Structure formats: structure tokens, C-alpha cells
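A.B. asks: First the structure, then my questions, so here it is.
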Amino acid sequence: MRVPFEEMKKEIARVFRKCGMSEDKANLCAAIHAESSRDGIYSHGANRVSRFFNYVQEGWVDVNAEPVLEKSFGALAVYNGNLGPGITNSLFCTDRAIELAKEHGIGMVGLRNTTHWMRGGTYGLYAARKGYIAIAWTNTESCMPPWGGAEPKLGNNPYVMACPGDDGEPVMIDMAMSQYAYGKLQVVRQAGKKLPYPGGFDKDGNLTDEPGPIEESMRILPMGYWKGSSFAFMLDVLGAVLTDGIGAADIDKIGKGSCGGASQVFMVIDPAHLTEAAKIKETIRKAKAHIKSSKLAQGERGIWFPGEDYILAKKENSEQGVFVDDEVWNEIKAL
């Protein structure tokens, strides 16, 4: 079904107020969830509302908590998220990294002891729309087997890179280290479809494009096989080291749902210290034109630059209403 954007935002805000959130926090978090669904990232938009509600009820998220500064040195800072809402914690740290970048050219903020940040691309887009370059990532609980393993011992550790674009919208990647994030598996399964490419193994060890058996076995496939496995490992370790926080081995022991106690890093660069805005736009314009000049492979319909998918989804969902699974929407309405 499709729901008008403002109606979706209003309904999600109502649920978050029910959680005990202040009106300002509820409206902010609801806007981020609704925007994620509007941009086609359904897995981390409306689909996450009920889970967040349950986490608050379990005491795994403290809706009243605020990040507290623990360490600061030059362009570096580390905050304790105190298991507060991942969205508000992450926006706070992105803003702080922007402030440091204004002063030093680059700013890095580590955030430990936080909760799920929902759509990681939110924070890349937030910085890029203000004219900055952003790199951010989070570690997670173990939910992906290391290459050669048969049980989850790695997080899928979403990684974000964003830059101001040439046409008003930033270019951005927002990707998990698995071929498909669990949220994507859920969306495809709910739609009764198969994955475009194999995304993991079933419980018998067979590579499959069926999302359900992969969710059941928790044997999602690392992107790039051993390369994605190694990338995930390094993001986990550096996430913990750069925040004085913890990695998957300890997040698993905490057992406070997805990303409870996670460590996140927000790096922001002010390109004005290095080049001119017009030159950035021209560089990106040339890069887009260059990749799109490629002859299409057989059976393919087009070539997208990073972030083009969310731009197209945003336009469609803004005009026609935001797509949402019927069961998901009814569950939100019932909360």
C-alpha cells in the first residue's frame, strides 16, 4: 500500500511519544524513519518502528538519554551514547564532527555505547547537504559468518561515504558488509520475491537466492566473499578502538537487541580547505557521465551512480505516497 509522507511521519511520531519520547525527539526520529521509507530504504524506515518500540519496552533503549563527552583532543572527540536513541545520538555526533571540521578541516567523533542508528546513509546525506564530505560506520552484533565459517561471528557493519553532488543531491554509498542486509532480506521475502543474486546459504549449506532460508540459517554471504569478511572485521575492530568502545565479541554478551552497545565513527571533512565547490561538482559530473557511457551488459536496463536509487525512489514515493507493506503499517497503527 502507499501512505502519504506526512501521514506516515505523524503516525510514527505518535508511536514514539507512546514510548516516552519528548515531542521534539519523537518528531525528529519519526521524520528520519519516514524519510528512509520515502527514499526506498524500507528495511530501515517504517519496518523498524515496531522493533524500536519493543526495544524501549525491554529497556534496551533509553529514550531520555543524551550523549556525554568523555574524551577530546584537537579534531577528535569521543562520546558515550548511554544507550540512547541511535538516531538522535548519531545526528548529535555528525553535528559535532561538522563543527570540528569547520575548525580543523577534518573532524572525527567516536560514539560508544549507543544503539541502532537505523539508516546509516541519513548521516552521510545530512553532512553532504551542508557541503561536507562524510565517512561513517557502525559495528554490530555477530550476524554474519566469517569467510570459511558456518556460524555468525562478524557484524555486517554498515559503512557510509557521502559527498556533495553536482545537481543538488549528494552522491552516497550506504552498504552493509553482507551481500544483502537482513532488512533487505525481509523486504524481499514480504514481497514474495527472490533475490537478484544469491545472498547466502540455507541451513544445509546450499547457496540460495531465497531470502527466508538465509534469515533462518543466519548464513548471509559477505560481499566480495573473503574481502567483505575482512572488511567487516576491520570495521568492527577500528570501531571499537576509535571510540574506546566494544566490538561484536562483547556486543553479543550484552544481548540488548540489534546494535545494543555498538560503537560508531563519524568522520567529516570540509572540502573548502582543499578545493572549490564548483570543481567538486564538475568532477562528479564527469564521473557520472563516464560510467554511464559504458555499453550496457546483456539484459541490463541501465547504470546507476551511487545514490541514484534513493533519488528515484524519493521522487516516486513523494508523488504517489510512500510504499509500505500492509502488515507493517497495520502493526504500527496498532501500537
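The values are calculated or read from the model by the stated rules, or taken from the named source; none is laboratory data. Since the structure is predicted, the reported quantities are computational estimates derived from the model, not experimental observations. Reconstructed Cβ throughout: ideal geometry from the backbone, glycine too, with neighbour counts over all protein chains shown. Ligands, DNA and RNA are stripped out before the accessible areas are found, and what is left, the full protein with its side chains, is counted by its heavy atoms. Shrake-Rupley method; radii C 1.70, N 1.55, O 1.52, S 1.80 Å.
A.B. asks: Of all the residues that make up region 256-294, how many are among the polar types (S, T, N, Q) and part of a helix (DSSP H, G or I)?
C.D. replies: Here is the first cut: in region 256-294, the residues among the polar types (S, T, N, Q) are 258, 263-264, 275, 283, 293-294.
Now narrow it down to the ones that are part of a helix (DSSP H, G or I): 283.
Adding up the residues that qualify gives 1.
A.B. asks: Then there's this: Can you pull out every residue in region 148-190 that is under 22 Å from Arg129 (Cα atoms), open to solvent by less than 50 Å² (accessible area, probe 1.4 Å) and out of contact with any Pro (no Cβ under 8 Å at 6 or more places or on another chain)?
C.D. replies: If the condition is that a residue be under 22 Å from Arg129 (Cα atoms), open to solvent by less than 50 Å² (accessible area, probe 1.4 Å) and out of contact with any Pro (no Cβ under 8 Å at 6 or more places or on another chain), then Pro158, Tyr159, Val160, Gly165, Asp166, Glu169 are the ones that fit.
A.B. asks: Still on this structure, I have one more. Taking the condition of being polar (S, T, N, Q), surrounded by fewer than 20 Cβ atoms within 10 Å (Cβ to Cβ) and assigned to a helix (DSSP H, G or I), how many residues in region 1-47 meet it? Show your work before the answer.
C.D. replies: First, pick out the residues of region 1-47 that are polar (S, T, N, Q): 22, 27, 36-37, 43, 47.
Narrowing the set further to residues that are surrounded by fewer than 20 Cβ atoms within 10 Å (Cβ to Cβ) leaves 22, 27.
Now narrow it down to the ones that are assigned to a helix (DSSP H, G or I): 27.
Of the residues in that region, 1 qualify.
A.B. asks: Which one of these does Ile246 not meet: (1) touching a helix residue (DSSP H, G or I) at 6+ places or on another chain (Cβ under 6 Å); (2) open to solvent by less than 20 Å² (accessible area, probe 1.4 Å)?
C.D. replies: (2)
A.B. asks: Sticking with this structure for a sec: When the residues of region 148-162 are filtered to those that are touching a Ser or Thr at 6+ places or on another chain (Cβ under 7 Å) and in a loop (DSSP other than H, G, I, E, B), which remaining residue is farthest from Asp252 (Cα to Cα)? Lay out the reasoning, then the answer.
C.D. replies: Start the filter on region 148-162 by keeping residues that are touching a Ser or Thr at 6+ places or on another chain (Cβ under 7 Å), which leaves 152-158.
After this cut, where a residue has to be in a loop (DSSP other than H, G, I, E, B) as well, the list is 152-153, 155-158.
Details: Pro152: 10, Lys153: 9, Gly155: 10, Asn156: 13, Asn157: 14, Pro158: 17 Å.
Here the residue is Pro158.
A.B. asks: Is there a residue being of a type outside the set (Lys, Arg), at pLDDT 95 or above and more than 19 Å from the chain's Cα centre (by Cα) anywhere in region 130-145?
C.D. replies: Yes, region 130-145 contains a residue that is of a type outside the set (Lys, Arg), at pLDDT 95 or above and more than 19 Å from the chain's Cα centre (by Cα).
A.B. asks: Return the residues of region 120-133 that are in contact (Cβ under 8 Å) with a residue 60 or more places away in the chain, open to solvent by 10 Å² or more (accessible area, probe 1.4 Å) and under 23 Å from Ala34 (Cα atoms); say none if nothing qualifies.
C.D. replies: Passing the criteria: only Thr122.
A.B. asks: Looking at region 300-322, is at least one residue open to solvent by 80 Å² or more (accessible area, probe 1.4 Å), among the basic types (Lys, Arg), within 16 Å of Ala162 (Cβ to Cβ) and part of a helix (DSSP H, G or I)?
C.D. replies: Looking for residues that are open to solvent by 80 Å² or more (accessible area, probe 1.4 Å), among the basic types (Lys, Arg), within 16 Å of Ala162 (Cβ to Cβ) and part of a helix (DSSP H, G or I), one finds none in region 300-322, hence no.
A.B. asks: So, of the residues in region 191-232 that are of a type in the set (Phe, Trp, Tyr) and open to solvent by less than 80 Å² (accessible area, probe 1.4 Å), which turns out to be farthest from Met177 (Cα to Cα)? Break it down into steps so the answer makes sense when it comes.
C.D. replies: Going through region 191-232, the residues of a type in the set (Phe, Trp, Tyr) turn out to be 197, 201, 225-226, 231.
Adding the requirement that they be open to solvent by less than 80 Å² (accessible area, probe 1.4 Å) leaves 201, 231.
On the way: Phe201: 16, Phe231: 7 Å.
Top of the filtered list is Phe201.
A.B. asks: I would also like to ask the following. Quick one: Ala136 ticks every box in (1) surrounded by fewer than 23 Cβ atoms within 10 Å (Cβ to Cβ); (2) in contact (Cβ under 8 Å) with a residue 40 or more places away in the chain; (3) among the hydrophobic types (A, V, I, L, M, F, W, C); (4) not in a loop (DSSP other than H, G, I, E, B) except a single one, so which number is it?
C.D. replies: (1)
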